[in-house]
Amino acid sequence: MNQKKRFQQKKYKNTVALIYIHTYNNTQQKMYKDRTGCKFMKAAIVGATGYGGIELIRLLHNHQEIEHIAVFSSSQEGKTMAQSYPHVTEIIDETLETIDAATLKEYDVVFLSTPPGVSAELSAELVPETKVIDLSGDLRLKRSDIYEAWYGRKSAPNHLLQQAVYGLSEWKKESIKNTSLLSNPGCYPTAILLGLAPLIQEGAIQPEYLIIDAKSGTTGAGRSPSAMTHFSEMNDNFKVYKVNEHKHTPEIEQQLSDWANKEVTVTFTPHLVPMTRGIMATMYAPLTEGWSTEKITALYESVYADQPFVRVRENGTFPFTKEVYGTNYCDMSFSIDERTGRITVVSVIDNLVKGASGQAVQNMNLMFGFEEGTGLNTIPIYP
Ligand SMILES: NC(=O)C1=CN([C@@H]2O[C@H](COP(=O)(O)OP(=O)(O)OC[C@H]3O[C@@H](n4cnc5c(N)ncnc54)[C@H](OP(=O)(O)O)[C@@H]3O)[C@@H](O)[C@H]2O)C=CC1
Ligand SMILES: CC(=O)N[C@@H](CCC(=O)OP(=O)(O)O)C(=O)O
């Protein structure tokens, strides 16, 4: 009997029959569902000292199924989380552990909130023994030549790229449920793809003329200070960066091409704005024949009717980033310009929640058969 099964048997032998004789398959997922509220999951976070990591801690700490959160670091082993983040003093008393595949395999789920290159190596050692959710871009692109061209580094082995399920939670829920290797989408692609999905899937826009303009808060760049993001460079400023060379471009194109059933290329221009969290994506494209405000409204409402974290606003009532702050929501609205025949779609997310750790927890919920919104049902912090 392996470590994980021993743990579950020890903890639950008096309360939950059979829990330890199942392996990771649909049967066990059903059992997880049956055990809602038992709090027996053990989660590990690699890269816990980063912004994605501390946000995972915030969300998992309040998650009713998580019994234990272990934290791992490549540079601060032996220190406590409170040494990195005093705001978790007396809330999270875990000590940062050395990253080691054998230890990580003891956990039910491992979050890799690490820079590019780490998960390409680590996830190969962890799946299928445990479930891995990778927040980095290592496993999002299916073609290694495209990864290498845009990331400027060697890609993960092809079999891992093919095995990983791209976890835009609102789609491919069945694939997400059945995978051990989940690749969490990038922050910009999450806001952009959710905003464009109904239009591209229905052929309502001409994708060859699609232009995407997006703005991010500085936490999108992680915790390490840089000349790009530090206060005196960013305060009272507004920056454009990586024009026509941002690594999220092929990620957006890959998914749009899949939905459109033809190759789609986009102009994507990211900007940095002096705020802590938030992404606003503004997308412009010419409509195809026959679409009106009423038809597009009905389309968005039907596509997102059963998606708990997508809120379609009344036509023309555009969302602001603060209206999703600290939450897993993606809010959106659109307007059609009758003069030009173009539609403008605006979507907003919190980059650290729906754009990273929140979507990772949503995907974990799907992978383990929990209710999709478990641990994520909070009201935005406003103002
Ligand atoms: N910030 C955001 O809005 C989003 C981020 N992402 C992606 O999520 C990942 C984490 O981002 P974020 O938290 O913002 O970045 P941070 O820079 O804030 O944190 C990254 C963490 O990775 C750890 N790390 C560094 N080198 C290694 C290594 N060689 N092996 C293992 N761990 C290492 C560091 O912790 P330590 O030194 O303690 O090991 C660090 O705290 C990145 O891939 C990022 O691109 C995705 C979507 C949105
Ligand atoms: C503001 C800012 O710098 N944002 C980051 C995007 C963060 C992200 O999602 O990066 P991954 O694809 O590596 O996960 C950037 O533009 O590179």
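Of the numbered conditions (1) in the same structural domain as residue 54 (by the TED database); (2) open to solvent by less than 10 Å² (accessible area, probe 1.4 Å); (3) more than 17 Å from the chain's Cα centre (by Cα), residue 234 satisfies every one except a single condition; which is it?
Evaluating residue 234 over (1) in the same structural domain as residue 54 (by the TED database); (2) open to solvent by less than 10 Å² (accessible area, probe 1.4 Å); (3) more than 17 Å from the chain's Cα centre (by Cα) leaves (1) as the failure.
Taking the residues in the range 138-166 that are exposed (fewer than 15 other Cβ atoms within 10 Å of the Cβ) and polar (S, T, N, Q) as candidates, determine which candidate is nearest to the chain's Cα centre (by Cα).
162
Could you please let me know if residue 183 is farther than 24 Å from residue 240 by Cβ, polar (S, T, N, Q) and within 16 Å of ligand 2 (Cβ to nearest atom)?
Criteria met by residue 183.
Taking the condition of being open to solvent by less than 40 Å² (accessible area, probe 1.4 Å), closer than 24 Å to residue 220 by Cβ and out of contact with any strand residue (DSSP E or B) (no Cβ under 8 Å at 6 or more places or on another chain), how many residues in the range 298-336 meet it?
4
Which of the following residues is hydroxyl-bearing (Ser, Thr, Tyr), away from ligand 2 (no atom under 16 Å from the Cβ) and in contact (Cβ under 8 Å) with a residue 60 or more places away in the chain: 166, 209, 188?
The conditions single out 209.
Return the residues of the range 267-297 that are assigned to a loop (DSSP other than H, G, I, E, B) and open to solvent by 20 Å² or more (accessible area, probe 1.4 Å); say none if nothing qualifies.
Passing the criteria: 274, 275, 276, 277, 288, 289, 290, 291, 292.
For every residue, the table says whether it meets (1) without any contact (Cβ under 8 Å) to a residue 60 or more places away in the chain; (2) within 16 Å of ligand 2 (Cβ to nearest atom); (3) open to solvent by less than 10 Å² (accessible area, probe 1.4 Å); (4) not in a loop (DSSP other than H, G, I, E, B).
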residue: 54; (1), (2), (3), (4): yes, yes, no, yes
residue: 67; (1), (2), (3), (4): yes, no, no, yes
residue: 75; (1), (2), (3), (4): yes, no, no, no
residue: 82; (1), (2), (3), (4): yes, no, no, yes
residue: 102; (1), (2), (3), (4): yes, no, no, yes
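Output the number of residues of the range 263-275 satisfying the condition of being more than 11 Å from ligand 2 (Cβ to nearest atom) and either in contact (Cβ under 8 Å) with a residue 24 or more places away in the chain or within 20 Å of residue 151 (Cα to Cα) (or both).
6
Looking only at the range 330-383, which residues are touching a Gly at 6+ places or on another chain (Cβ under 7 Å), within 16 Å of ligand 1 (Cβ to nearest atom) and part of a strand (DSSP E or B)?
Correct list: 347, 348, 349.
With (1) in contact with a Phe, Trp or Tyr (Cβ under 8 Å, 6 or more places away or on another chain); (2) open to solvent by less than 60 Å² (accessible area, probe 1.4 Å); (3) touching a residue at least 24 places away in the same chain (Cβ under 8 Å) as the list, and residue 342 as the residue in question, which single condition is left unmet?
With (1) in contact with a Phe, Trp or Tyr (Cβ under 8 Å, 6 or more places away or on another chain); (2) open to solvent by less than 60 Å² (accessible area, probe 1.4 Å); (3) touching a residue at least 24 places away in the same chain (Cβ under 8 Å) applied to residue 342, the lone miss is (2).
Keeping to the range 274-294, report how many residues are over 30 Å from the mean Cα position of the chain (by Cα) and not β-branched (Val, Ile, Thr).
5
If a residue has to be open to solvent by 60 Å² or more (accessible area, probe 1.4 Å) and more than 16 Å from ligand 1 (Cβ to nearest atom) to count, how many in the range 207-231 make the cut?
4
With 112, 135 as the choices, which residue is of a type in the set (A, V, I, L, M), within 18 Å of residue 356 (Cβ to Cβ), open to solvent by 20 Å² or more (accessible area, probe 1.4 Å) and at pLDDT 95 or above?
Exactly one of 112, 135 is of a type in the set (A, V, I, L, M), within 18 Å of residue 356 (Cβ to Cβ), open to solvent by 20 Å² or more (accessible area, probe 1.4 Å) and at pLDDT 95 or above, namely 135.
The values are calculated or read from the model by the stated rules, or taken from the named source; none is laboratory data. None of the values given here were measured: they were computed from a predicted structure. Counting neighbours? That spans all protein chains shown, and the Cβs are built from the backbone with ideal geometry, glycine included. In case anyone asks, the SASA skips ligands and DNA or RNA and just uses the protein heavy atoms, side chains included. Shrake-Rupley method; radii C 1.70, N 1.55, O 1.52, S 1.80 Å.
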